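All remarks here apply to the structure that follows.
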């Protein structure tokens, strides 16, 4: 039976919203007097310690300014993060671009903001002293990737290799940081990452790597919200987030999470285009 009435839809969203929010007794980053705590999940591109260290102070300040309260969660792996996202658990989540596509299809998550300063590119890196000079040299070699569904670091790279009929072996190592270090240690011939995670590495890491290949550019990782999050809450969050550009301390917080210039985004304009890339054959859906 199809139910299309407005009041029913509002009731369903209200129920869903209750499921992705917790009581004020949960851990709170932001306004401790807020009526509810919003679960905020971050895709684990880096170690949990690094993510908590960068996102906790940012959410504390955004929450205080907006009157909102957040519980920051970092899953042990990207597949575990995806499982919670695709079940509709978090109210807010920082996701990769293709996660935005899948989460929109599965749970109607809505992109809210992303970085407007630098577009996202997939990169394939090798050791600085590697004899590999072109993609064809990777034939039959083993490559490291962060996770099966990492958008630019895995899916785009694997799709481009497949188009060129370059067969490789695949090793998943959980994070971008692990990819770069696995390549440096010589355990694999190369690895997939993205421009902004490589840029955020220490100089001594970057200096040991060479970018062999770059993909086309796409809108970077967005913060998405569950469909039950009210429009007014989304607006309060965006305004508080964007206000961090107005002082040095706020700009440092933004730089730490890779969103130096927050801009509003939406699904149709910024992420629907990814549906046409033909990446489904490479997906591993939990």
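Sorting 279, 143 by the number of Cβ atoms found within 10 Å of their own Cβ, with the fewest placed first, yields 279, 143. Once the chain from residue 136 to residue 49 is taken as fully extended at 0.36 nm per residue, the excess over their C-alpha distance is 27.6 nm. In terms of other Cβ atoms within 10 Å, 137, 276 run from fewest to most in the order 276, 137. Angle, helix 6-19 long axis vs. longest principal axis of the chain, Cα atoms, 0 to 90°, nearest 10? That works out to roughly 70 degrees.
Shape class of segment 169-286 from the Cα gyration tensor (axes a ≥ b ≥ c, square roots of the eigenvalues): oblate, since a/c reaches 1.5 or more and a/b does not exceed b/c. Classification of the chain by its C-alpha gyration tensor yields a prolate form. The axis ratio a/c (a ≥ b ≥ c) is 1.5 or more, and a/b outweighs b/c. Angle of helix 248-257 to the longest C-alpha principal axis of the chain, folded into 0 to 90 degrees and rounded to 10: 60°. For the chain, the longest principal axis of the Cα atoms and the long axis of helix 231-242 meet at an angle of about 50 degrees. In the distance distribution for segment 151-214, Cα-Cα pairs more than 18 Å apart total 33 percent. As a proxy for reagent exposure, ranking 114, 177 by other Cβ atoms within 10 Å from fewest up yields 177, 114.
No value in this document is a laboratory result; all are computed from the given coordinates. In this text the structure is predicted, and so the values were computed from the model without any measurement. Heads up, the Cβs are rebuilt from the backbone with ideal geometry, glycines too, and the neighbour counts pull from every protein chain shown.
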